[in-house]
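The values are calculated or read from the model by the stated rules, or taken from the named source; none is laboratory data. This structure is a prediction, so every number in the text was calculated from the model and none was measured. Methodologically, a virtual Cβ is constructed for each residue, glycine included, from the backbone with ideal geometry; neighbour enumeration extends over all protein chains shown.
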């Protein structure tokens, strides 16, 4: 148990990570074909760091994050590309509202959480010190999994979509309420009109 209390299982699927050889070519080919929208290409790390990648978040027409395309410049992603080839799915990503409690649950169950380079987190303070509110889990064979902080990934996705002028095909909750109220009002007016007509 952490200072935040016991974890209430709330993991939701977030997206998958795909390693690609040429991120710009991949996005320009597959986003139009699938009707998806990509964020601007971003950079993680740099030439002097253990991990250096370029990546982009890809959203479906309803604004749901589907996958992240990652081109490795240095580190594990370069090896992934060499081993499995471009277009390979290499990680399942989930999100939780309470990363600290989730970490406590994983630690108590004997599951090792690490940073991106595989260095174990011994306490949640290690997670904070890493600068990333993300848990990478010990591998199950070749499968990699990570757990993200939901409010952070969600707000980040919202910002990325605004930057590229994304317009969702899906109505927001308040838009659905307005549509429902409008339809109800129209039905009431029509009912009154025909009711008066029948009296005449």
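What are the residues in the range 76-90 that are touching a strand residue (DSSP E or B) at 6+ places or on another chain (Cβ under 6 Å) and farther than 15 Å from residue 58 by Cα, if any? I'd like the intermediate steps shown before the answer.
Step one: of the range 76-90, the residues touching a strand residue (DSSP E or B) at 6+ places or on another chain (Cβ under 6 Å) are 77-78, 80-81, 88-90.
Once the filter is applied, which keeps residues that are touching a strand residue (DSSP E or B) at 6+ places or on another chain (Cβ under 6 Å) and farther than 15 Å from residue 58 by Cα, the range 76-90 yields 77, 78, 80, 81, 88, 90.
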message: If I ask for residues that are at pLDDT 95 or above and farther than 22 Å from residue 91 by Cβ, which ones from the range 1-34 would you list?
response: 28, 32, 33
- prompt: Quick one: which of 116, 106 is part of a loop (DSSP other than H, G, I, E, B), touching a strand residue (DSSP E or B) at 6+ places or on another chain (Cβ under 9 Å), touching a residue at least 12 places away in the same chain (Cβ under 8 Å) and surrounded by 14 or more Cβ atoms within 10 Å (Cβ to Cβ)?
  reply: 116
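Taking strands (runs of 3 or more DSSP E) that do not extend beyond the range 1-82, which have at least 2 residues that are in contact (Cβ under 8 Å) with a residue 60 or more places away in the chain? Lay out the reasoning, then the answer.
Working: elements: 12-19, 42-45, 52-59, 65-74.
Counting at least 2 such residues, we get 12-19, 52-59.
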